[in-house]
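Written out below as structure tokens is the structure these notes cover.
The values are calculated or read from the model by the stated rules, or taken from the named source; none is laboratory data. What you see is a predicted model, and the numbers here were worked out from it, not measured in a lab. Cβ atoms come from the backbone with ideal geometry, glycine included; neighbour counts cover every protein chain shown. For accessibility, only protein heavy atoms count, side chains too; no ligands or nucleic acids. Shrake-Rupley method; radii C 1.70, N 1.55, O 1.52, S 1.80 Å.
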Amino acid sequence: MAAPMEVAVCTDSAAQLWSCVVWELHSGANLLTYRGGQAGPRGLALLNGEYLLAAQLGKNYISAWELQRKDQLQQKIMCPGPVTCLTTSPNGLYVLAGIAESIYLWEVSTGNLLVILSRHYQDVSCLQFTGDSSHFLSGGKDCLVLAWSLCSVLQVDPSRTPAPRHVWSRHTLPITDLHCGFGGPLARVATSSLDQTVKLWEVSSGELLLSVLFDVGIMAVTMDLAEHHLFCGGSDGSIFQVDLCTWPGQREKSFQPEQDNGKVFRGHRNQVTCLSVSTDGSVLLSGSHDETVRLWDIQSKQCIRTVTLKGPVTNASIMLAPVSMLSSDFRPGLPLPHFNKHLLGAEHGDEPHRGGFTLRLGLHQQGSEPSHLERAEQLHAVMSSTMEKSVLGGQDQLRIRVAELEDEVHNLRKVNRDLFDFSTRIITRPAK
């Protein structure tokens with residue numbers, strides 16, 4: 001079986017010849033180009049391996065293309081205002097967009113706008129899901145990074161305002177980029193800011209693991225797959241490599257270019273706007289306002305390819321090419337639905353969707369006892385503390401606690417089955 005092909009997907013703010021270009025990473029051969037608009041920074045996303053989405057620069061809509069029907073713009077997803085950033089969940093079920101200081105969450109299967117989150121005080125600048133789609137992170141010009149649990153956001157009771165799981169407020173200037181590593185709710189998140197720092201956080205505990213101070217503002221950040229290295233793009237065009245596995249245990253460090261000269265990539269003439277690392281961790285892709293995309297050999301720090309675009313680079317990322325990108329006769333399994341602009345679409349002018357209904361169970365019990373989501377989060381907290389104790393010892397207490405947790409999981413599964421059976425009986429009950 002042939003190895004999966006890695007491709008580079010790039011956009012610039014000029015979009016004179018095309019909106020987006022896809023080229024093979026190692027040969028540099030152009031594979032696909034997409035036409036129709038200008039993609040804004042942090043505004044490019046792949047949806048379910050079938051569609052390419054691009055938030056249009058300064059405009060209130062998102063462009064959507066089928067991966068193989070590149071010359072035909074399939075749909076414009078209209079939004080209440082200009083989209084500042086965009087991402088999709090890895091499982092293909094949700095689309096997230098930053099519009100001014102709010103976060104909009106759509107369900108892909110129905111096009112319904114599920115929730116609007118307004119916890120930032122200024123424009124949202126970057127969004128990203130964890131690898132398992134259980135959490136997502138948002139960074140804004142208000143210097144805040146928020147970590148959200150998707151289950152908590154998708155709660156049944158509309159009267160409750162969703163709250164982020166963590167609020168990270170250690171940055172002092174606007175957030176420019178964030179990168180989420182692997183591990184789902186146990187992942188580590190790197191954030192960059194104009195305050196000349198890059199910080200590393202832990203999603204599960206919310207703790208700050210590391211803070212690195214540079215001489216310039218940091219505009220982009222990423223990590224390799226193994227999370228051995230942190231790559232930080234500066235406002236002066238330099239790219240700094242921070243080795244995460246060779247440092248002593250201090251949480252704060254200053255990066256000294258004179259002492260760490262072998263850890264700097266030099267070549268860009270203007271600020272670095274985006275960074276991405278190949279799957280094997282051997283090459284680094286960078287985009288800059290100097291209108292070039294560069295491919296670097298990480299070990300030697302040498303530039304091995306330069307691609308010149310027509311304007312400042314707004315997006316540049318490495319991804320494994322999905323089957324639909326390489327097969328000319330591939331078509332999406334389902335068409336994109338109409339995306340609503342309002343939470344209550346029929347009441348605010350969006351066309352109503354007939355034939356559906358919403359089933360809500362247990363509303364009479366809400367507020368009288370913890371919800372299953374809250375109990376699940378409490379269970380996760382207990383399991384995390386148990387894992388920490390297992391490192392320090394106490395095997396007898398650990399076995400007892402594990403048995404208690406297994407009983408709790410068994411009870412939760414039973415409640416879930418009972419809810420499913422109850423809802424099935426209601427749905428299948430013949431009309432009187």
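Of note:
- HN-Hα J in Hz across segment 312-321 - Karplus 6.51, -1.76, 1.60, θ = phi - 60°, x for Gly and Pro: x, 6, 9, 8, 7, 8, 9, 8, 6, 5
- Of E258, E6, the residue with the largest accessible area leads and the full order is E258, E6 (1.4 Å probe).
- If a spin label sat at a point 7 angstrom from the Cα of Q250 along the line to its beta carbon, the backbone N atoms of segment 200-240 nearer than 14 Å would be those of 210-214.
- The slack in the chain from L343 to Q378, taken as 0.36 nm per residue of separation less the alpha-carbon distance, amounts to 9.6 nm.
- List Y121, Y61, ordered by accessible area with a 1.4 Å probe, largest first: Y121, Y61
- Computed 3J(HN,Hα) for segment 77-93, one whole-Hz value per residue from the Karplus formula 6.51 cos²θ - 1.76 cosθ + 1.60 where θ = phi - 60°, is 8, 6, 10, x, x, x, 8, 8, 6, 8, 7, 10, 6, x, 7, x, 9, glycine and proline marked x.
- When H289, H171 are compared by accessible area of protein heavy atoms, the largest-first order is H289, H171, using a 1.4 Å probe.
- Sulfur and carbon atoms: percent of accessible area, segment 4-323 [1.4 Å]: 49
- Counting heavy atoms of the protein chains alone, R425 has an accessible area of about 140 Å² for a 1.4 Å probe.
- Extended-chain gain in nm, criterion 0.36 nm per residue less alpha-carbon gap, S327 and L213: 36.5 nm
- Probe 1.4 Å, protein heavy atoms only - accessible area per residue of segment 4-323 in square angstrom: 38
- FRET E, pair S133, R269, Förster distance 35 Å, beta-carbon r, rounded to 0.05: 0.35
- Pair-distance profile P(r), taking every C-alpha pair of segment 4-323, with 10 angstrom steps and integer %: 6, 28, 37, 23, 5, 0
- Probe 1.4 Å - accessible area at E252, Å² to nearest ten: 130
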